[in-house]
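*Asks:* Can you keep this structure in mind? I'll have questions shortly.
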Amino acid sequence: MIRTIIVDDEPNAVKLIENALVKHINNIRIVAKAYSLHEAEAIINANDFDLLLLDIDLVDGTGFDLLEKIQNRNFSLIFITAYNQHAIKAFKYSAVDYLLKPLNIRELIAAIDKISQRKKETGFEMDAIQSLLANLQSTHPNKLAVNAQSETVFVDVKDVVRLESYGNYTKVYFNDKSHIVSSKTLGDYENMLREDSFFRCHYSHMININYVKKYMRKDGLTLILKDGSVIPVSTRRKDEFERFVKRFTL
């Protein structure tokens, strides 16, 4: 049974969520509902729960304020929010589930079904929340959730040297010479990282510009990274790479 708390300052939204859950999901129980930050904090401290459905904008604060007040609790979290580009980017980096308003009931049911089927990883949810809160403090998220086959590892974005396509997986290489095989595709990481210091220079490769030692134009364009890796730049991405590099050139 998934013990659930709903936090939203719109009573109609709470009622919509509650009715949908009761109607469509058998293994769920609504433990409590809260309509403000103050009320939610009291309810959370007084109840055991497995899932928190949380709106970002509350009448007396934000959902992020509430998360900062929750200590030593491991629970699943789904944010329900109006569009917020910075917050959504942080959600993706941190592997935190979110749904956009106006709420789509099918998406809500699918999100909860995913949580109920996901094998619980010890400490994962709280690690994800801490990563999210850290990412929200900066213009560019600095923590990245890397989904491996049996675990999710939270890493510093600045420590990622490069990423390499590995079939339907991705090898993520770090500055300490280690690497993780992630269950996400290189395209997934491109969508998350392309606005930062990362560039997909080839169908199979994405690099962190901060680790490029030099690049050579002989016989095409080739990158030499600080760890000694030699990475090709595809012909069709050559001009785009040259423009990208200018953003980081003094």
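*Asks:* Ignoring everything except DSSP H segments at least 4 long, calculate the 222 nm mean residue ellipticity for the chain; use -39,500 (n - 2.57) per segment, divide by total residues, nearest 500.
*Replies:* So the helix-based figure for the chain works out to -10000 deg cm²/dmol.
*Asks:* Under a point spin-label approximation (7 Å from Cα along Cα-to-Cβ), what is the Ser183-Lys171 distance to one decimal in nm?
*Replies:* 2.1 nm
*Asks:* Turning to a different aspect of this structure: Just want to confirm a number: the relative contact order over the chain, from Cα pairs under 8 angstrom separated by 6+ residues, in percent.
*Replies:* RCO, the chain: 10 percent.
*Asks:* If you build a Gaussian network model of the chain, linking Cα atoms that sit under 10 Å apart, which residue out of Glu164, Glu18, Glu68 swings the most?
*Replies:* In this elastic network of the chain, the residue with the biggest mean-square fluctuation among Glu164, Glu18, Glu68 is Glu68.
*Asks:* Now a separate question. Over the Cα atoms of region 144-200, how large are the radius of gyration and the largest Cα-Cα distance (Dmax), in Å?
*Replies:* 10.3, 28
*Asks:* So what is Rg over Rh here for the chain, counting just Cα atoms and using Kirkwood for Rh?
*Replies:* Over the Cα atoms of the chain, Rg/Rh equals 1.05.
*Asks:* Out of all Cα-Cα pairs in region 2-136, roughly what percent, to the nearest whole number, are more than 26 Å apart?
*Replies:* Value for region 2-136 (Cα pairs over 26 Å): 13 percent.
*Asks:* Which three extents, in angstrom, do the Cα atoms of region 143-246 have along their principal axes, listed largest first?
*Replies:* Taking the Cα atoms of region 143-246, the three principal extents are 42, 24, 22 Å.
*Asks:* Right, another one. May I ask you to derive the FRET efficiency for Gln149 and Met216 from their Cβ-Cβ distance with R0 = 41 Å, giving the value to the nearest 0.05?
*Replies:* 0.70
*Asks:* Further question on the same structure: Non-local amide H neighbours of Ser182 (under 5 Å, H modeled in plane, Pro and chain starts lacking H): which ones?
*Replies:* The list, which skips near neighbours in sequence, is Thr170, Lys171, Val172.
*Asks:* Next up: So between Arg194 and Asn27, what do we pick up on full extension, going 0.36 nm a residue minus the alpha carbon distance?
*Replies:* 56.2 nm
*Asks:* How large is the dipole of region 107-250 about the Cα centre if only Lys and Arg carry +1 and Asp and Glu carry -1, each at its Cβ, rounded to the nearest 20 debye?
*Replies:* Roughly 680 debye for region 107-250.
*Asks:* A further question on this structure: Roughly how far apart, in whole Å, are the Cα centres of region 178-229 and region 19-48?
*Replies:* First find each Cα centre; the distance between them is then 44 Å.
*Asks:* If each residue of separation counts as 0.36 nm, what is the full-extension length gain between Asn19 and Ser116 once their alpha-carbon separation is subtracted?
*Replies:* Answer, rounded to one decimal: 33.1 nm.
*Asks:* Provide the net charge surrounding Leu100, with neighbours chosen by a C-beta distance below 12 Å and charges set as Lys +1, Arg +1, Asp -1, Glu -1.
*Replies:* Combined, the nearby Lys, Arg, Asp and Glu give -2.
*Asks:* State which entries of Lys89/Lys213; Lys143/Lys214; Lys23/Lys89; Lys69/Lys143; Lys15/Lys184 exceed 24 angstrom in Cα-Cα distance in the structure shown.
*Replies:* Lys89/Lys213; Lys143/Lys214; Lys23/Lys89; Lys15/Lys184, as the Cα separations exceed 24 Å there.
Laboratory data are not the source of any read-out in this text; all were calculated from the coordinates shown. Computed from a predicted model, the values in this text were never measured in an experiment. All Cβ positions, glycine included, derive from the backbone under ideal geometry; neighbour counts span all protein chains shown.
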